Structures are given as C-alpha cells and as structure tokens.
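Asks: One structure is given below, represented as structure tokens, and several questions about it will come after.
Rule-based calculations on the coordinates, nothing more; no lab input. This one's a predicted model, so the numbers in the text were calculated from it and none came from an experiment. All Cβ positions, glycine included, derive from the backbone under ideal geometry; neighbour counts span all protein chains shown.
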Amino acid sequence: MSLSSLSFPDAQLDLRGTPCPINFVRTKLRLEKMPPGGLLEVWLDPGEPIEQVPDSLSMAGYQVEQIADCTGYFSLLVRRPAIAQ
C-alpha cells in the first residue's frame with residue numbers, strides 16, 4: 001500500500017463513553033468547524049453508538065470513509081463535503 005492511498009485524519013475526536021445522540025451532535029459540530037474536505041477520526045463505543053452514528057452522519061451529508069474495529073471501540077473516518085453545507 002502506498003502512502004498516497006492512506007488517509008490521514010486532520011483531527012481526532014474521542015467519544016468513548018458518550019451516549020447517543022450526544023456523540024452524533026458532537027461529531028457533527030466538530031465537522032462543521034473543519035475546512036471543506038477535512039477528514040475527522042472519531043472513536044465510538046460498540047453497540048448503539050457504532051450502529052447509529054455512521055448512518056446519522058451519512059443522512060446529514062457526510063461521507064463515512066472507513067469503520068475499523070479497534071478491540072473495545074470503533075474508529076470512524078468521516079469526511080466533510082468539499083462544498084460546505
């Protein structure tokens with residue numbers, strides 16, 4: 001895998017232990033502060049957070065690029081659209 005194919009996040013948000021829907025709200029607020037095209041890494045708990053937040057972000061117009069199981073939590077890579085909403 002070449003470096004050009006890797007996505008490095010511009011910011012990181014640790015929301016482990018944060019209940020729904022607060023984790024979605026905090027993720028959306030952080031994405032709104034990022035420049036268009038910015039990539040955010042979000043850490044979420046298993047269960048309801050990882051089941052609900054990615055779908056909610058997609059419905060809100062954000063691109064979920066990757067979901068990784070990191071043993072005990074999930075890492076979610078979300079990109080703000082290039083054209084601000």
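Asks: With the contact rule set at Cα under 8 Å and sequence spacing of 6 or more, what percent relative contact order holds for the range 10-85?
Replies: Relative CO of the range 10-85 lands at 36 percent.
Asks: Kindly write out, for the range 26-37 in residue order, the coupling ³J(HN,Hα) from the Karplus curve 6.51 cos²θ - 1.76 cosθ + 1.60 (θ = phi - 60°), rounded to whole Hz, with x marking Gly and Pro.
Replies: Running phi through 6.51 cos²θ - 1.76 cosθ + 1.60 with θ = phi - 60° gives 5, 5, 5, 4, 5, 4, 5, 7, 7, x, x, x Hz.
Asks: Subtract the Cα-Cα distance of D14 and R26 from 0.36 nm times their separation in residues, and report this length gain in nm to one decimal.
Replies: 3.3 nm
Asks: Sticking with this structure for a sec: Order 73-81, 13-21, 50-58 from most to least packed using the mean count of other Cβ atoms within 10 Å.
Replies: Peptide ranking by packing, descending: 73-81, 50-58, 13-21.
Asks: State, to one decimal in nm², a quarter of the convex hull surface area for the C-alpha atoms of the range 1-70, i.e. the direction-averaged projected area.
Replies: That works out to 5.0 nm², a quarter of the Cα hull's surface.
Asks: With charges set only on the Cβ (+1 for Lys and Arg, -1 for Asp and Glu), what does the dipole of the chain come to about its Cα centre, in debye to the nearest 20?
Replies: 340 debye
Asks: What list of ³J(HN,Hα) couplings, whole Hz, do you get for the range 47-53 from phi and the Karplus terms 6.51, -1.76, 1.60, once you set θ to phi - 60° and write x for glycine and proline?
Replies: Going residue by residue, I get x, 3, x, 6, 7, 9, 4 Hz, with x marking Gly and Pro.
Asks: Given the -39500 (n - 2.57) contribution per DSSP H run of 4+ residues, what per-residue ellipticity at 222 nm results for the chain, rounded to the nearest 500 deg cm²/dmol?
Replies: It lands at -9000 deg cm²/dmol.
Asks: Out of all DSSP beta bridges with both ends in the chain, state the antiparallel percent to the nearest 5.
Replies: Given both bridge residues lie in the chain, the antiparallel proportion sits at roughly 75 percent.
Asks: Now for a different question. Can you compute the modelled spin-label distance between E51 and E65, with each label point 7 Å from Cα toward Cβ, in nm?
Replies: Inter-label distance under the simple model: 2.8 nm.
Asks: Which listed residue (G17, G38, S56) has the Cα farthest towards the positive end of the charge dipole for the chain, taking +1 on Lys and Arg C-beta and -1 on Asp and Glu C-beta about the Cα centre?
Replies: Looking along the dipole axis, the top candidate is G38.
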